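Only one structure is covered here, and it is reproduced in the block below.
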Amino acid sequence: MATVQPVKARSAAAYALELQGVSRSFGALKALSDIDLRVASGERRAVLGANGAGKTTLFNAITGDFPPTSGRIRFFGEDVTSLPAHERIRRGLRRTYQSSQLFHGLTVLDNLFLAVRGVSRGRFSFLRPTRNDSSLEAAEEMMETVRMTHLANTSVSELAHGQQRQLEIGMALAGAPRFILFDEPAAGLASAERAELITVLDNLPEHIGYIIIEHDLDVALRVVTYCTIMHNGALFKEGRPEEIEQDPDVQRIYLGGGHG
Amino acid sequence: MASVLDETPRTNDGTLARLVRSLRWYYVAMIAFLLIYPLITGGFWTVQIGAQTLILGTIALSLMLLAGYGGMVSLSQLTIAGLAGYMIAVFGGASGGLGLGWPPFVAIPMAIAVATLFATLVGVISVRTEGIYTIMITLAVGMAFYFFVLQNREIFNAFDGFAGLRPPLVLGINMREANNFYFFCLAIAGFGYCLVLYLSRAPFGLALQAVRDNPRRMRALGFNIQAHRVAAHALAGFLAALGGMLLVWMNGQISPGSVGIAPLISILIIAILGGIRHPVGPFIGALIFVLLDNFAMQLIGGDRFNTVIGLIFLVIVLFSPDGVLGLWKMFRNRLRRQPQDSVESRTE
C-alpha cells in the first residue's frame, strides 16, 4: 500500500476530522481496515474508489451509524468515537445518503424544518411554530438557497429525483454545519442538475469543509482540492486531483484491473 | 398536504376568528350532537353507551398516538389505565375501609402521575425493540401486571380488587349524576383529541412521525430518537391514565379482571377498527365496540357475541386495513371521482 501523507502538518485541533486506526468488521468481513485520515478545517476532499471499497462504511463509521470496531475518531479535536450519532450531528457534522433518505409523507418545508430543529432547541416542543419562529425562517432561507421555495408545500413523494437530491443537500446544509459528508450527491442527476450541484458546492461558505464520495470524476475532481483513494477497505493513495487523474494505479482500480 | 405552517397565522385576525373560520360544518354538527346527546337519551344510553365510548376512545387514543404517529404498537395501554384506576382506589380509598383515604385533589393527581411514570418506564424498556418485539414486550408487561395484582393482597387487594369507587364532587357539581359524568368524560375526551390533533403538527409530533418513517435519518438530523419515543410513551400514558380514572369511576370497581388479556386486546381492536391514522379513529372504533358489546349478546346469545365482534373486525380490516376511517376515505374518493367520470363519459 502506498504511504498516505496528510496535506500538511497541523496541530490536532486544526483538523476537522481525524481518524486513527479505524477498522470496522461485519463478522468475518473486514469492511474498513486501519484507516488513518486527516481532513483540515474547511478542506474539500474527495474519497474515491470502486464499488465495495468501503467508502460509505467509512461515512457510517464517522457519523456513528456503524461505530468502528477499533480506532479513534476526532471531530475538531474532540474524541467522538463513543458518542451516539445524534450527538455528533449536534456538534456540526452532517451527511447525505447514497439513496435519498427523506420523509416522503411530509412536505419540503417540513423536511427542512426538521433538519433545522434537529440541531437547535425545541426538539420536544409541544407548541406549533409561529410565522417568525427562527427554525421556520432558517428552513425558508434554506429553501431559497437550494431553489425550492416554489415547492414548499409539496409532498416529498411528489418530487422528481433531482429535486429530492437537491433537498438532501439542503437538509445537510441546514442548521450551521461545520463539516459535511456527501455520499454520491450527483447520482442519477441530469447534466444541468450536475452543473447546479457544482455551483452549490463551490458556493459553500469557506469554513464548511466536506468529504465527497462521487463516481462522476468530472464532478468530484472539479470541486475538491485533495483526493483519497480507497481500495478493499483500506486507504490506497492520496493526492491532488490532477495527480490522481493521471495515476495509472487509480485508473486500473476504476477500470477493474487487479491491484498488486 | 399538511405542513408545519398549517394553522400558523397569516393574517392579524384573532385566534377565535381563525378558529371559527376553520370549522367545517360536520365538526359543528358533531359538537352539537355530542352536547345534546345526554338530553335526548336516557341513563343507560348516556353512561353505558355515550360515556363508555368516550372513555374507551380516550384509552385507545393513547394507542393511536403511539402506533399511528410513532409506529409503536403497545399492548400495555389498558394496563396503564388500570394502574391509574388502582391507584385512585389505593390513594383515595374504597369501600370496606381499604386504601389510604387521601383527599381527591391529592389522590387523583398522584394516581395519574404514578401511571404516567409507569408508562415512561414501559417506554424505556420497549423502545429498544421494534415491530412484533414491541408488541410482545408490552404484552408481557400487561400480563405481569395482571398476575401481580391478582396475587398481591397488601396493595392491590388480590382477586377481590376494590369496589365503591365513585367520582368526587367537582366545584360542587355531582359527577355521579349520569349527565354530569357524561359531560366530564366528553371534556376529558375532547381535551385528549384536541391535544393529539394539535401535537401532530407541532415539532414534537412532526418529529415523532418522522422517527416512525425513517429513524436512521432522524438520528442523522440530530434527534435522539429513543428519547423521543420514550416521551411519546409518557404522553400516551398520561392520556391512558385519564381514561383509566374515568373507567374506574364508571364501573365503580376495579379488579384483576379489569386488566386481563381480553380488555388489553380490546383496546387494540378498538384502535384498529376505527383507524389509527387520525385521532378520531379510536372514538369511532370505541362506539362500534361498545354497541356490539352491549347488544350482540341480546341478538345471538352470550356464548357467541365475541364471534360477532371478531367477524365484524375481520370484515372491516379485510376491506380496509385503515379501519372505518379508511372505508370512509375510499367512499369519499369514489364520490369525488364520480362527477368527473360522468363528465368524461358524456364527452365520449
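Of note:
- Total residues in the range A:97-115 satisfying the condition of being more than 7 Å from chain B (Cβ to nearest Cβ), open to solvent by 10 Å² or more (accessible area, probe 1.4 Å) and either among the small types (Gly, Ala, Ser) or not in a loop (DSSP other than H, G, I, E, B) (or both): the figure is 2.
- Scan of the range A:69-96 for residues that are more than 7 Å from chain B (Cβ to nearest Cβ) and without any contact (Cβ under 8 Å) to a residue 40 or more places away in the chain, ordered by number: A:Glu78, A:Asp79, A:Val80, A:Thr81, A:Ser82, A:Leu83, A:Pro84, A:Glu87, A:Arg88
- Scope the range A:73-89; condition among the charged types (D, E, K, R), crowded, with 18+ Cβ neighbours inside 10 Å and either more than 14 Å from A:Ala172 (Cβ to Cβ) or touching a Cys at 6+ places or on another chain (Cβ under 8 Å) (or both); matching residues: A:Arg74
- Listed by first and then second residue, the pairs linking a residue in the range B:115-136 that is in a helix (DSSP H, G or I) to a residue that is surrounded by 15 or more Cβ atoms within 10 Å (Cβ to Cβ) and among the charged types (D, E, K, R), with Cβ atoms under 9 Å apart and 6 or more places separating them unless they lie on different chains, are B:Gly123/B:Arg229; B:Ser126/B:Arg229.
- Residue within the range A:153-166 that is of a type in the set (Ser, Thr, Tyr), farther than 27 Å from A:Thr56 by Cβ and within 14 Å of chain B (Cβ to nearest Cβ) present: yes
- Selection within the range B:176-214 - under 22 Å from A:Thr96 (Cβ atoms) and either open to solvent by less than 30 Å² (accessible area, probe 1.4 Å) or within 16 Å of the chain's Cα centre (by Cα) (or both): B:Leu206, B:Ala207, B:Gln209, B:Ala210, B:Val211, B:Asn214
- Taking the range A:163-192 as the range and being free of Cβ contacts under 8 Å to residues at least 40 places away in the same chain and open to solvent by 10 Å² or more (accessible area, probe 1.4 Å) as the test, the residues that pass are A:Gln163, A:Gln166, A:Gly188, A:Leu189, A:Ala190, A:Ser191, A:Ala192.
- Residue list for the range B:311-328, restricted to those being of a type outside the set (Val, Ile, Thr) and open to solvent by less than 30 Å² (accessible area, probe 1.4 Å): B:Ser320, B:Gly323, B:Leu325, B:Gly326
- Any chance A:Phe66 is aromatic (Phe, Trp, Tyr), on the phi < 0 side of the Ramachandran plot, facing chain B (nearest Cβ under 8 Å) and open to solvent by 10 Å² or more (accessible area, probe 1.4 Å): no
- The range A:133-142, residues that are hydrophobic (A, V, I, L, M, F, W, C) and more than 12 Å from chain B (Cβ to nearest Cβ): A:Ala138, A:Met142
- Within the range A:39-55, the presence of a residue that is without any contact (Cβ under 8 Å) to a residue 60 or more places away in the chain, out of contact with any His (no Cβ under 6 Å at 6 or more places or on another chain) and crowded, with 20+ Cβ neighbours inside 10 Å is excluded.
- For the range A:193-238, the candidate set comprises residues that are hydroxyl-bearing (Ser, Thr, Tyr) and not in a strand (DSSP E or B); within that set, the residue that is surrounded by the fewest Cβ atoms within 10 Å (Cβ to Cβ) is A:Thr199.
- Only a single item in (1) in contact with a Ser or Thr (Cβ under 6 Å, 6 or more places away or on another chain); (2) within 14 Å of chain A (Cβ to nearest Cβ) is not met by B:Val259, and it is number (2).
- Summed over the range B:139-166, the residues that are part of a loop (DSSP other than H, G, I, E, B) and open to solvent by 40 Å² or more (accessible area, probe 1.4 Å) give a count of 5.
- Considering B:Leu117, B:Leu34, the condition of being open to solvent by 20 Å² or more (accessible area, probe 1.4 Å), more than 25 Å from B:Gly260 (Cβ to Cβ) and among the aliphatic types (A, V, I, L, M) is satisfied by B:Leu34 alone.
- Residues of the range A:119-132 include at least one that is aliphatic (A, V, I, L, M), at the interface with another protein chain (Cβ under 9 Å from one of its Cβ atoms) and either touching a residue at least 40 places away in the same chain (Cβ under 8 Å) or open to solvent by 50 Å² or more (accessible area, probe 1.4 Å) (or both).
- Any chance B:Leu235 is surrounded by fewer than 24 Cβ atoms within 10 Å (Cβ to Cβ) and within 14 Å of chain A (Cβ to nearest Cβ): no
- Any hit, the range B:278-287, residues being aliphatic (A, V, I, L, M) and open to solvent by less than 20 Å² (accessible area, probe 1.4 Å): yes
- For A:Arg117, the requirement of being outside the structural domain of A:Gln251 (by TED's automatic domain parsing) and among the basic types (Lys, Arg) is met.
- All positions within the range A:167-199 that are under 28 Å from A:Asp65 (Cα atoms), more than 14 Å from chain B (Cβ to nearest Cβ) and small (Gly, Ala, Ser): A:Ala186, A:Ala187, A:Gly188
- A:Ser11, sole failed condition from (1) farther than 20 Å from A:Leu221 by Cα; (2) of a type in the set (Ser, Thr, Tyr); (3) at pLDDT 90 or above; (4) out of contact with any Asp or Glu (no Cβ under 8 Å at 6 or more places or on another chain): (3)
- Flag if B:Gly93 is without any contact (Cβ under 8 Å) to a residue 60 or more places away in the chain and surrounded by 15 or more Cβ atoms within 10 Å (Cβ to Cβ): yes
The values are calculated or read from the model by the stated rules, or taken from the named source; none is laboratory data. All values derive from a computational prediction rather than experimental measurement. Neighbour counts run over all protein chains shown; Cβ positions are idealised from the backbone, glycine included. Side chains are part of the model used for accessible areas, which takes the heavy atoms of the whole protein and leaves out ligands, DNA and RNA. Shrake-Rupley method; radii C 1.70, N 1.55, O 1.52, S 1.80 Å.
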